[in-house]
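Q: Please see the structure below; I have some questions.
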Amino acid sequence: MLRLVRTTSETPDFRALVQLLDQDLARRDGAEHAFYAQFNKIDKINHVVVAYEGDDPVGCGAIKEFDANQMEVKRMFVQPAHRGAGVAPAVLAELERWAGELGYAACVLETGKKQPEAIRLYEKSGYAFTPNYGQYIGVENSVCLRKELV
């Protein structure tokens, strides 16, 4: 039974999952990893969801304010052995619920073209491609997506 816990970036289970995420991204992104890593600091993120199977942390994600109307989805990750079991959609839906509860109208995110499974997740979850924003403008490997919250 999947259990979702709202927490902060101070949670050791979140930090451990993010280390695994960073290792995965370093392999995928190669030489570009250092560019992306500078935008993925986890200090002081107050809106984190960790997914548990029993006592085992199996996935995570976070949101942080992008602007007054939008939250940015960050640090989505599911342990490889638990992929395809609905963990990522559950974490994403919980993050969206939380953003809505906080009064935000939309969520935005950036992901890499080298993460096609992430792009599929976001598209299936109702996200649409939007022009690259902020530090991702002009970055060939980046795609940005956005979803209006109901």
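A short reminder: the numbers here are calculations on the coordinates, not readings from a lab. The shown structure was predicted, so the numbers you read here are calculated from the model rather than taken from an experiment. All Cβ positions, glycine included, derive from the backbone under ideal geometry; neighbour counts span all protein chains shown.
Q: Using alpha carbons only, how many angstrom separate the centre of segment 43-89 from the centre of segment 106-133?
A: Their Cα centres are 15 Å away from one another.
Q: Quick one: Met1, Met76, Met71, fewest Cβ neighbours within 10 Å first, how do they rank?
A: Lowest count first: Met1, Met76, Met71.
Q: Restricting to the chain, what percent of DSSP beta bridges are antiparallel, rounded to 5?
A: 90 percent
Q: Check cross-link reach from Lys113 to the lysines: straight Cα distance under 17 Å, and skip same-chain residues fewer than eight apart.
A: Lys74, Lys124
Q: Counting only trypsin sites (Lys or Arg not before Pro) that sit in a DSSP loop (anything but H, G, I, E, B) with at most 16 other Cβ atoms within 10 Å, what is the longest stretch of the chain containing none of them?
A: Longest site-free region, per DSSP loop and neighbour criteria: 1-40.
Q: Follow-up question, since we're still on this one. Go through segment 10-17 residue by residue and turn each phi into a ³J(HN,Hα) via Karplus (6.51, -1.76, 1.60, θ = phi - 60°); whole Hz please, and just put x for glycine and proline.
A: 7, 5, x, 5, 5, 4, 5, 5
Q: Would you compute, from DSSP H runs of 4+ residues alone, the mean residue ellipticity of the chain at 222 nm, taking -39500 (n - 2.57) per run and dividing by the full residue count, rounded to the nearest 500?
A: -9500 deg cm²/dmol
Q: Related question: Can you give the three extents of the C-alpha atoms in segment 2-148 along their principal axes, from longest to shortest, in whole Å?
A: Extents along the principal axes: 42, 36, 29 Å.
Q: Between Asn132 and Asp55, how high is the FRET efficiency from 1/(1 + (r/R0)^6) when r is the Cβ-Cβ distance and R₀ = 41 Å? Nearest 0.05.
A: Taking R0 as 41 Å, the efficiency between Asn132 and Asp55 is 0.55.
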